Amino acid sequence: MRWGLLGIGLLAYGLGLIVMFPATLLDAGVQRASAGRLRIAEAQGTFWRGTGQIEIRDAGGRTGIAKRLAWRFRPASLLRGLLDCDVEIDQASKPFLVTISPVRIEIAHAEATVPVTALGLGVPKLAPLGLTGDLLLHVGKLSFSTAGRPSVQGDARLQWRSAGSTLTSLAPLGDYELQLVGEGAQVRAALRTISGPLQLEGKGAWASGANPVFTATARVAPEHQQQLAPLLRLIALERSAGNFELQLR
């Protein structure tokens, strides 16, 4: 009887430790998984429920963008062999769901808004352009494999609203949308113009283990060429008056 009570006591103590794991453990895991490009700073609470600042960092580890983050894991989901987590970023309309299983991570119905300067952290070639505006990310459903060969399934949409640049007086340049579709070992991307004087179109792909490849064209109406041509010549080849081609590799 005494050994049974001791076993129950040790089990309860172990469960208590798990429940009270500090939130900083989540920060450490995110940093390892993202090779230092993401972290959860000022983490408070526990691993299971807490708050912090999610930071997007450049390749040198310097902080570029920080957003308030809150999370709440659902322990009951472990009975299904999964771990569900409700996540809220800043002033998002509602929390979105992240589901973790032994073989994949799935994100469903997520929305987040960040300054477009975050784009320069991932594509350093764009950083000197002084881009302005906001990026709105909408994820319908995306899943990432965590076992075997890396793969992505699902779709996401990235909108650049009130696009602009500090290198030109014309503002805004327009609103644009990048559609992303995961097809296993490859993610396809398609760029289109929603509205604006600068017309952008493009497409590209990212394959596992390779750098992204993206080609875009930019068309400028004659009345705006004097304002926009100097900016576009910094990053693109001018094929003809008002027509430019940009390649990112």
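The values are calculated or read from the model by the stated rules, or taken from the named source; none is laboratory data. Given the structure is predicted, the values throughout are model-derived calculations rather than measurements. Quick reminder, even Gly has a Cβ in these numbers, built from the backbone with ideal geometry, and neighbours come from all protein chains shown.
Couple of notes before you dig in:
- Flag for residue 221 being farther than 22 Å from residue 98 by Cβ, within 18 Å of the chain's Cα centre (by Cα) and either among the aliphatic types (A, V, I, L, M) or loosely packed, with under 15 Cβ neighbours inside 10 Å (or both): no
Here is a yes/no grid of residues against (1) at pLDDT 65 or above; (2) closer than 26 Å to residue 113 by Cα; (3) under 19 Å from the mean Cα position of the chain (by Cα):
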position	(1), (2), (3)
4	no, no, no
13	no, no, no
45	yes, yes, no
68	yes, yes, yes
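- For the stretch 156-171, filtered to residues that are surrounded by fewer than 17 Cβ atoms within 10 Å (Cβ to Cβ) and without any contact (Cβ under 8 Å) to a residue 40 or more places away in the chain, the residue that is nearest to the chain's Cα centre (by Cα) is 157.
- Every pair of residues 6+ apart whose Cβ atoms lie under 6 Å, when the first sits in the stretch 117-143 and is within 19 Å of residue 228 (Cβ to Cβ) and of a type outside the set (Ser, Thr, Tyr) while the second is part of a strand (DSSP E or B) and modelled with pLDDT of 90 or more: 129/165; 130/165; 131/165; 133/160; 133/161; 133/162; 133/163; 133/164
- Residue in the stretch 175-188 that is modelled with the highest pLDDT, counting only those that are surrounded by fewer than 19 Cβ atoms within 10 Å (Cβ to Cβ) and more than 19 Å from residue 109 (Cα to Cα): 175
Okay, residues lined up against (1) farther than 25 Å from residue 161 by Cα; (2) touching a Lys or Arg at 6+ places or on another chain (Cβ under 7 Å); (3) in a strand (DSSP E or B); (4) at pLDDT below 80:
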| site | (1), (2), (3), (4) |
| --- | --- |
| 28 | yes, no, no, yes |
| 35 | yes, no, no, yes |
| 41 | yes, no, yes, no |
| 76 | yes, no, no, no |
| 88 | no, no, yes, no |
| 105 | yes, no, yes, no |
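- Where residue 81 falls short, out of the listed (1) within 15 Å of residue 100 (Cβ to Cβ); (2) at pLDDT below 70: (2)
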